[in-house]
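Have a look at the structure below, then the notes.
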């Protein structure tokens, strides 16, 4: 009897130990294993009570906090990746060993490579000692650095492309650490800005030069007259003619500059109407022949009847004809310049070509021929009265019509300018 009671008591005790101690310990061990493997979703507790019930509740609170922290980390990582991928600037993070640990898509587009940038040194990727030295200095003293560098990118076909970058280097460190643990490198491409700045400086220099010459001539002849040349009728006549000629040159230059400004500005206005393109060309030719200001030229016109009319600004197209025809006459090397005008209809476009029999345009000049103040024959253009803006004006007028202009020239065999104009403005939008 006593043995039976002892065994019963021993069984009850064993059950209590299993229920109150061993099973909870096993659950705690399983919960910890789940947490260590990154599984923060723990099974809910039973309603039964154990000696470790409070401990199990604490473990679940820890799991809940870890789960929330994990979600924040994932969201933060997605947000950071979204921000970096949406930035136009190239972003690089370099470790203290100056090895790249992060790059964004823009940086990869700026500096494409056959293999990944990750893990490679800053010098190996960018091949510029200036960047490597600036990163080293930032990692040493924690200061920020700014660089302005030009990179050359060889092309499989065509010339080497130069791209300008402003580079900002900043330290990255934790609040408790004095030395930076990494360096943030930001590449901002400023090629367009630098190109515009160079164009502005060149334009100002060119305008200053163009104005300086006639102003100096006028000033010189005025001083001559003030010094007593008025008593010499012949010298007075020479002086006044020179002053008049240079005043006309200044007036022409100002008019061309205003035309360039109005055609390049956002507020440019054209007055379209359906006009006879051939009649405008014939009117310009008649004015050139009757003016006597240019050498006698032989004009040959072949104009298709289907290409006569188009919707254009008559005044601006007349400017185009005048500039191209006077340019053809002025630069013709022959004693009898031959100018050929041809027009035909191609779909919804009128194509007009103006060809001369001059010496043509050198290949190295052809890419710049429509630039402001660019002259092929620099020693002759000013003597001939050109401002260097004629072809630039032509290009801007044609583009404002939604058209196109191109040059075809073989050195020694003349030059041909080809204009393409839309027949109707309703079916085309101005070219940008």
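Across the stretch 107-235, the relative contact order, built from alpha-carbon pairs under 8 Å that are at least six residues apart, equals 15 percent.
Exposure proxy for 58, 117, 168: other Cβ atoms within 10 Å of each Cβ, ordered fewest to most, give 58, 168, 117. Binning the C-alpha pair distances of the stretch 176-253 at 5 Å intervals from 0 yields a P(r) profile of 3, 12, 13, 11, 9, 7, 7, 6, 5, 5, 4, 3, 3, 3, 3, 2, 1, 1, 0 %, listed from the shortest bin outward. Descending by average beta-carbon neighbour count within 10 Å, the peptides 354-363, 302-311 line up as 354-363, 302-311, the highest first. Once the chain from residue 282 to residue 244 is taken as fully extended at 0.36 nm per residue, the excess over their C-alpha distance is 10.7 nm. Computed over all pairs of different Cα atoms, the Kirkwood value for the hydrodynamic radius of the stretch 87-189 is 14.1 Å. Exposure proxy ranking for 315, 164, based on other Cβ atoms within 10 angstrom of each Cβ and starting from the fewest, stands as 315, 164. Remark: 91, 339, 397 ranked as 91, 339, 397, counting other beta-carbon atoms within 10 Å and listing the fewest first. For residue 367 and residue 172, the FRET efficiency from 1/(1 + (r/R0)^6), where r spans their Cβ atoms and R0 equals 41 Å, is about 0.35.
Where a number appears in this text, it was derived from the coordinates with a stated rule and is not lab data. Since the model is a prediction, treat every value here as computed from it, not as a measurement. Every residue, glycine as well, gets a Cβ built from its backbone with ideal geometry; the counts of neighbours run over all protein chains shown.
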